[in-house]
Amino acid sequence: MKGADLVVCSVSGGKDSVAMLHAVKRAIAGAIPLYAIHAAIDGFAWPDGVETVQSQSRSVGVPCMIVRSTKGFLERVRERREWPMGQYRWCTSDHKRTPLNTAVRRLAARYEAHKVVVSIGERSAESESRARKASVIANKSLTTKTRTVTTVRPIQQWSDADVWRYVAIHQLPLPRSYKLGFKRHGCPYCIYADKHQRGLADNLAELEPIRCAIRSLEAEIGHVLFYDTGVPVNEAAGQLALFTE
């Protein structure tokens with residue numbers, strides 16, 4: 001991050017995200033403008049997701065921006081008549097990357113920044129695809145003739161144990177999803193959620209509005225969210241075994 005005019009951290013509220021944000025702030029030691037940006041997916045993410053990110057940012061001492069797509073996630077599902085799938089994860093491009101890029105451009109213009117660094121909390125231990133990604137890469141979609149933008153993954157080589165240790169040492173706030181038994185923090189009904197996470201989500205009363213919206217859209221468009229099973233999202237607790245056995 002040496003020589004940067006502006007640093008932006010893309011944050012989700014999870015353990016990797018808050019650890020990365022804290023580590024980046026320590027690294028730059030206040031010498032460079034630093035912002036946390038969270039792309040909210042209203043109506044599909046955790047009900048208190050925005051509040052969680054804002055609380056973490058305050059704890060770390062970094063200003064936080066909440067950004068959103070121009071259209072709601074469920075609205076886009078209805079328009080496309082399909083849910084995000086496997087390699088076609090339009091939820092990430094439309095509802096995370098696009099609003100994040102817009103915010104980065106605005107901040108770069110505000111600070112007249114010519115060298116911008118975008119930091120994300122992805123780690124190799126999370127998946128094979130993330131392990132193949134470079135820790136530092138030119139961000140071609142944001143780079144212009146007068147502005148160079150680089151994407152970095154500062155905690156890419158950290159293990160799960162490294163992250164938990166860092167969080168504990170610095171007493172960083174975590175989302176309550178972990179206490180509820182979720183292994184990862186993101187959309188509770190993410191298409192990549194495993195059977196364990198799906199079972200936990202199905203049994204949480206606070207997520208019933210999301211389940212109702214999913215069931216309604218599944219029936220309307222004729223396409224189920226969890227394409228790997230072909231089974232609609234549970235309509236009753238008695239169906240929990242579909243995802244936990």
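Filtering the stretch 107-139 to residues that are among the charged types (D, E, K, R), exposed (fewer than 12 other Cβ atoms within 10 Å of the Cβ) and either at pLDDT 95 or above or not assigned by TED's automatic domain parsing to the domain that holds K25 (or both) leaves R110, E112. In this entry, V77 passes the filter for residues that are β-branched (V, I, T), in contact (Cβ under 8 Å) with a residue 40 or more places away in the chain, over 16 Å from G186 (Cβ atoms) and assigned to a helix (DSSP H, G or I). Residues in the stretch 69-97 that are surrounded by 15 or more Cβ atoms within 10 Å (Cβ to Cβ) and either small (G, A, S) or closer than 30 Å to Q171 by Cβ (or both): S69, G72, K96.
Restricting attention to the stretch 69-79, does a residue exist that is farther than 30 Å from A27 by Cα and of a type in the set (A, V, I, L, M)?
yes
The values are calculated or read from the model by the stated rules, or taken from the named source; none is laboratory data. Predicted model, so just to flag it, every value in this text is computed and none were measured. Using ideal geometry, Cβ is built from the backbone for each residue, glycine included, and neighbour counts are taken over all protein chains shown.
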